[in-house]
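Novice: So that we are looking at the same thing, I have put the structure below in structure tokens.
Values in this text are rule-based calculations from the coordinates and carry no lab data. These numbers come from a predicted model, not from an experiment. Neighbour counts are summed over all protein chains in view; Cβ atoms, including those assigned to glycine, are modelled from backbone coordinates with ideal geometry.
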Amino acid sequence: MGSKSVDDLLETSTEVHFSGLHLDGAESKDCKEEHPTTSTTENGHKEPFVIGVAGGAASGKAPVCNMIIEQLRDQRVVLVNQRSFYYDLSEEELARVHEYNFDHPDAFDTEYLLSCMENLKHGIAVDIPNYDFKTHKSILPPRKVNPSDVIILEGILVFHDPRVRELMNMKIFVDTDADVRLARRIWRDTAERGRDIKTVLDQYSKFVKPAFEDFILPTKKYADIIIPRGGDNHVAIDLIVQHIHTKLGQHDLCKIYPNLYVFQSTFQIRGMHTLIRDAKTTRDDFIFYADRLIRLVVEHGLGHLPFKEKQVITPTGSVYTGVEFSRRLCGISVIRSGESMENALRACCKGIKIGKILIHREEGDNGQQLIYHNLPKDISDRHVLLLDPILGTGNSAVKAISLLLSKGVQEANIIFLNLISAPQGVHVVCKRFPRIKIVTSEIEFGLNEDIRVIPGMGEFGDRYFGTDED
């Protein structure tokens, strides 16, 4: 088991135990369903990764959620609590509040919960009720929740309704001993909610324990992951976070084309994308942040070069075993936008040869005409970094790659570097040339009717070189 990757552990179809982390894949159909992790809705919003966290009251769900949120610091994460969706109690119910079963599925406004979750998945902000456990009513103002990369839905019965389960990409059940849960509940309800111990114990024996056995425990079979000991199980939570990071960084197209590489987004990367996409950004700022992103793309591209092991002697006289990348390398920029990537390549590869290709796009159709090229004479013996910040329709890329192949370059020796890529272009290039590698910082929503990349950043060459100014 030691040789298995995190994905192997988390996606195995048989039960695996790792430091108390149970991964059940054979108990129900729900467990086997593979939900898209980065699919795109009709309005172009990338769907978030939805995690359901269930378990008995006081089982440790909140610490698990908080630890996941803490470790996903480079992602936008929002927590939605099922308890926010309790129905308001009527005056008659309030008068007999100790007879009300808060652990029954009927105590929750599941329809409203479902509506809020569906809106969040489709990129629509929602108002989450602010439930007061002392008055047993929702109070104003509600909590405004914006769409995020990750949504964690936590609650005792979040797995009970199949419609809510269907929204989840990962289902976690926090499994904690009943005595521990009772002790925690006594402390919470007396210290935080002002209840006396007798009332807490009466409610537990009359409602909480039976509801757990009748409604909560049966939903354990729907869990993809079972965590014993809750927030105390650090190894299990670390594995879960690693798996989430992998899924968030894996665009759906990467599952189709193993030669497509989209590097994982962070707040820094998203912030730079925000600036270069903003039509109001000044040219100086556009160039500055575009250059920073391009440098990252080039660095990631260089990481796909072949290498061999090399030992060196350090200034302390010690031996360091590292790697040495291929020196037979050149860059080819597609004029003129591709020329914006040359400085980053030169900064990373001292003295690298850089060739040029000029392709003219015919108006009225998608035809491409090769106008000019100037390539290293020994290009057939080199690995080639093809530079073009925007991959749109893929027609220019096909023309450029075809030229390289005609000059004897091996298809597997071409790494195509883009700042942003449209799915249509990815399909065209990867289907035509399945052995080249595409490295990009972000996959776009697509092309509009004018065959422009959206959301895009406008005419990249004009903005970068200043030819869009009046």
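Novice: Give me Rg/Rg_expected for region 252-465, where Rg uses Cα atoms only and Rg_expected = 2.2 N^0.38 Å with N residues.
Specialist: Output field value: 1.04.
Novice: Can I ask one more? Against the globular-protein guess of 2.2 N^0.38 Å, express the Cα radius of gyration of region 255-330 as a ratio, rounded to two decimals.
Specialist: Compared with the compact-globule rule of thumb, region 255-330 sits at 1.58.
Novice: Kindly provide the Kirkwood hydrodynamic radius of region 202-318 in Å, to one decimal, from all pairs of distinct alpha carbon atoms.
Specialist: The answer is 20.2 Å.
Novice: Further, regarding this structure: Hey, any idea what the orientation-averaged projected area of the convex hull of the chain's Cα atoms comes to, in nm²?
Specialist: On the way: hull surface 116.6 nm².
Seen from a random direction, the Cα hull of the chain projects 29.1 nm² on average.
Novice: Also, I was wondering about something else. Cα atoms only: what Rg and Dmax, in Å, come out for region 364-447?
Specialist: Rg, Dmax (Cα atoms, Å): 12.6, 39.
Novice: In debye to the nearest 20, how big a dipole does the chain give about its Cα centre with +1 on each Lys and Arg Cβ and -1 on each Asp and Glu Cβ?
Specialist: Using Cβ point charges on Lys, Arg, Asp and Glu, the chain gives about 1780 debye.
Novice: Same structure again: Note the direction-averaged projected area, equal to a quarter of the hull surface, for the Cα convex hull of region 97-170, in nm².
Specialist: Mean projected area for region 97-170: 5.5 nm², to one decimal.
Novice: Alpha carbons only, please: Rg and Dmax for region 315-404, in angstrom.
Specialist: Taking only Cα atoms of region 315-404, I get Rg and Dmax of 16.7, 66 Å.
Novice: Let me know the Rg and Dmax you get for region 286-365 when you use only its Cα atoms, in Å.
Specialist: Here Rg and the maximum Cα pair distance are 17.3, 66 Å.
Novice: While we're looking at this one, here's another question. Taking the alpha-carbon centroid of each part, what is the distance from region 50-104 to region 306-359 in angstrom?
Specialist: 52 Å
Novice: Now, a different point. Have a look at THR282, LEU345, GLN369 and report the one farthest towards the positive end of the charge dipole of region 252-465, computed about the Cα centre with Cβ charges (Lys/Arg +1, Asp/Glu -1).
Specialist: Selected residue: LEU345.
Novice: Using modelled backbone amide H atoms (1.01 Å from N, in-plane), which distant-in-sequence or interchain residues come within less than 5 Å of ILE354's amide H?
Specialist: Hits under the 5 Å cutoff: GLY331.
Novice: Let me ask you something else. Which lysines have a Cα lying under 25 Å from the Cα of LYS377, excluding residues fewer than 8 positions away in the same chain?
Specialist: Candidates past the 8-residue exclusion: LYS350, LYS353, LYS356, LYS399, LYS407, LYS437.
Novice: Residue by residue through region 195-211, which ³J(HN,Hα) values in whole Hz follow from phi under the Karplus form 6.51 cos²θ - 1.76 cosθ + 1.60 (θ = phi - 60°), with glycine and proline marked x?
Specialist: Karplus-based 3J(HN,Hα) across region 195-211 equals 9, 8, 4, 4, 4, 4, 5, 4, 5, 5, 6, 8, 10, 5, 5, x, 5 Hz.
Novice: At q = 0.14, 0.22 Å⁻¹, what log₁₀ I(q)/I(0) does region 70-128 have when each alpha carbon counts as one equal point scatterer in the Debye sum?
Specialist: Log10 of I(q)/I(0), two decimals: -0.54, -0.92.
Novice: Something else: If Lys and Arg each add +1 and Asp and Glu each add -1, what is the summed charge of the other residues whose beta carbon sits under 11 Å from the beta carbon of GLU154?
Specialist: Details: positive: LYS61, ARG83; negative: none.
Here the count lands on +2.
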